[in-house]
Amino acid sequence: MSNDLKALRGLDYLMAMPQYGRAGDVALRPGLSRITRLLAGLGNPERGVPVIHVAGTNGKGSTASWIAAMLTSHGLRVGLHTSPHLRHAGERMRVDGTPASVDWLGRRLEEHRAHIEECQASYFEVTVAMSLLRFAEANVDLAVVEVGLGGRLDATNVLVPTVSVVTTVSLDHTHVLGDTLAAIAGEKAGIIKNRAPVVLGRQAPEAASALEARAASHGGAVFSVERDADWEGRTLRTASGRYTHLYPEPQGGHQRDNATTAVLAVEAFLEQTGRAAFATSIRRGLRHVRLLAGLRARFETVSTDPLIVLDVAHNPDALGPLFERFGRAATGRSPEILLALMADKDIPSVVALLAQPGFTVHPLDLGSPRALPAAELQSLLKDADVPVGPVVESSQLGAFLRDFGGGRALLVTGSHQVVGSVLGCLE
């Protein structure tokens, strides 16, 4: 069989698996037994590679990407696993910012298909395993790995961390992780182990208590954004360093917290591995995260006239600051939103946020079983007196974007799927 045919068959096999982002709970298979067997059959590619493990509700993708960018700028070869992807699954497994090619991924999937089937591995477990296999083949110096969902029973939790990171914890996926901040933080705290240092983003008191209790029981030093770092203008001071002229991209108040979390994690990792932090690496990594780590769709401007901004925010805690920032960016134009939401999100809170700034909302029908039907979103918005346009069908998305004329401003948000769909039309 030719390599091209192997790649096509492997990719078709992967895409036929249920994906949580589209299929919802049917694809959710918590537990570590399958991924443990899967990795063993691949020769345990995760062993011997230092890991920075990143959990949290909001900001974990940005934080993981900033960590990777700063360490790449430091001269290290860095593997980065994030999820979900925007356009193709190879985006989940980047080395120094470069995604795995669809050819490489497809061929590896076909080569190991029998073992994958024997393990009855899920889509997410397979992508985690393929990331770790790619990192081993690329001989990376370390891997930065973002948790998929929760932490304790997430497939990534087979890893032994050099540093554990938990970004801000908020109420999300409550039907799976629990309906209190303490319960959710307890699930995410499952990645804290092995006496490894722990870095915490800004936390509500009940979440902080659960996370710090877990860290104390495992003997790891704890570094906190709130206790161990301070900004003065463009200067960040930590217990270990002083970094000047910092311009983190993407910007935003909540992103400054994520950037701080990332810097503390980099400091902890470098100290653990006997290296010194360089201000130039910190500065460059924060400023050039898309170039160095491949991060996209965090208030990403893809057009200036009309203004079109992409952001993967998908719950009230992330969408609230996003709406405020976009409202400021759209000054002098009518702010409009192309929106799709997953049905398991806090829909009433999102609708309440939209009822305040005076946006016009265009509901997008993703055709996904997990998504809230666009007609239902439209109805909820109308009931809240939010200006709302006709439902945009997926087949009409290209025409909608082409007809979006100059002088207007559009925010594309609500899920990775809506952003990925728009990128597919623009690129």
Top-ranked residue in the stretch 329-349 [being among the hydrophobic types (A, V, I, L, M, F, W, C), more than 16 Å from F299 (Cα to Cα) and in a loop (DSSP other than H, G, I, E, B); ranked as modelled with the lowest pLDDT]: A343
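One line per residue, one yes/no per condition, for (1) crowded, with 23+ Cβ neighbours inside 10 Å; (2) touching a residue at least 60 places away in the same chain (Cβ under 8 Å); (3) touching a Phe, Trp or Tyr at 6+ places or on another chain (Cβ under 6 Å); (4) part of a helix (DSSP H, G or I):
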{"position": "V128", "(1), (2), (3), (4)": "yes, yes, no, yes"}
{"position": "L132", "(1), (2), (3), (4)": "yes, yes, no, yes"}
{"position": "F135", "(1), (2), (3), (4)": "yes, yes, no, yes"}
{"position": "N139", "(1), (2), (3), (4)": "no, yes, no, no"}
{"position": "V144", "(1), (2), (3), (4)": "yes, yes, no, no"}
{"position": "L153", "(1), (2), (3), (4)": "no, yes, no, no"}
{"position": "T168", "(1), (2), (3), (4)": "yes, yes, no, no"}
{"position": "L171", "(1), (2), (3), (4)": "no, yes, no, no"}
On the given criteria, is R237 assigned by TED's automatic domain parsing to the domain that holds R283, of a type in the set (K, R) and assigned to a loop (DSSP other than H, G, I, E, B)? no
Residues (over 27 Å from Y20 (Cα atoms) and of a type in the set (D, E)) located in the stretch 381-420: D383, D385, D403
Quick one: S83 ticks every box in (1) farther than 18 Å from G294 by Cβ; (2) in contact (Cβ under 8 Å) with a residue 24 or more places away in the chain except a single one, so which number is it? (1)
Testing G90 on (1) touching a strand residue (DSSP E or B) at 6+ places or on another chain (Cβ under 8 Å); (2) under 23 Å from P161 (Cβ atoms), one condition comes back false. Which one is that? (2)
Any residue at all in the stretch 216-223 that's at pLDDT 95 or above, surrounded by 14 or more Cβ atoms within 10 Å (Cβ to Cβ) and closer than 15 Å to V54 by Cα? yes
Of everything in the stretch 195-211, what is more than 23 Å from the chain's Cα centre (by Cα) and either part of a helix (DSSP H, G or I) or surrounded by 14 or more Cβ atoms within 10 Å (Cβ to Cβ) (or both)? Give them in sequence order. P205, E206, S209
Among (1) under 28 Å from H288 (Cβ atoms); (2) in contact (Cβ under 8 Å) with a residue 60 or more places away in the chain; (3) crowded, with 23+ Cβ neighbours inside 10 Å - the single one N157 does not satisfy: (1)
Just checking, how many residues over the stretch 37-81 are of a type in the set (S, T, Y) and closer than 20 Å to A185 by Cα? 3
Looking at the stretch 212-225, is at least one residue more than 22 Å from T57 (Cβ to Cβ) and among the charged types (D, E, K, R)? no
Taking the options T63, T98, name whichever one is assigned by TED's automatic domain parsing to the domain that holds F269, at pLDDT 95 or above, more than 23 Å from L38 (Cα to Cα) and surrounded by fewer than 21 Cβ atoms within 10 Å (Cβ to Cβ). T98
So which residues in the stretch 47-57 are of a type outside the set (V, I, T) and surrounded by 24 or more Cβ atoms within 10 Å (Cβ to Cβ), if there are any at all? H53, A55, G56
Matching residues in the stretch 66-95 - criterion: being of a type in the set (S, T, N, Q) and either closer than 21 Å to D154 by Cβ or not assigned by TED's automatic domain parsing to the domain that holds R287 (or both): T82, S83
Unmet requirement for F326, which otherwise passes all of (1) of a type outside the set (V, I, T); (2) assigned to a helix (DSSP H, G or I); (3) in contact with an Asp or Glu (Cβ under 6 Å, 6 or more places away or on another chain): (3)
Pairs where the first residue, in the stretch 95-115, is more than 19 Å from M17 (Cα to Cα) and touching a residue at least 60 places away in the same chain (Cβ under 8 Å) and the second is exposed (fewer than 15 other Cβ atoms within 10 Å of the Cβ) and among the basic types (K, R), C-beta under 7 Å, 6+ apart: D96/R77
Does any residue of the stretch 265-275 turn out to be among the small types (G, A, S), buried (at least 20 other Cβ atoms within 10 Å of the Cβ) and not assigned by TED's automatic domain parsing to the domain that holds L411? yes
Subset of the stretch 286-323 (residues that are part of a strand (DSSP E or B) and of a type outside the set (S, T, Y)): E300, V302, L307, I308, V309, L310
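The values are calculated or read from the model by the stated rules, or taken from the named source; none is laboratory data. Values in this document were obtained by computation on a predicted structure and should not be read as measured data. Backbone-built Cβ (ideal geometry, glycine too); neighbour counts: all protein chains shown.
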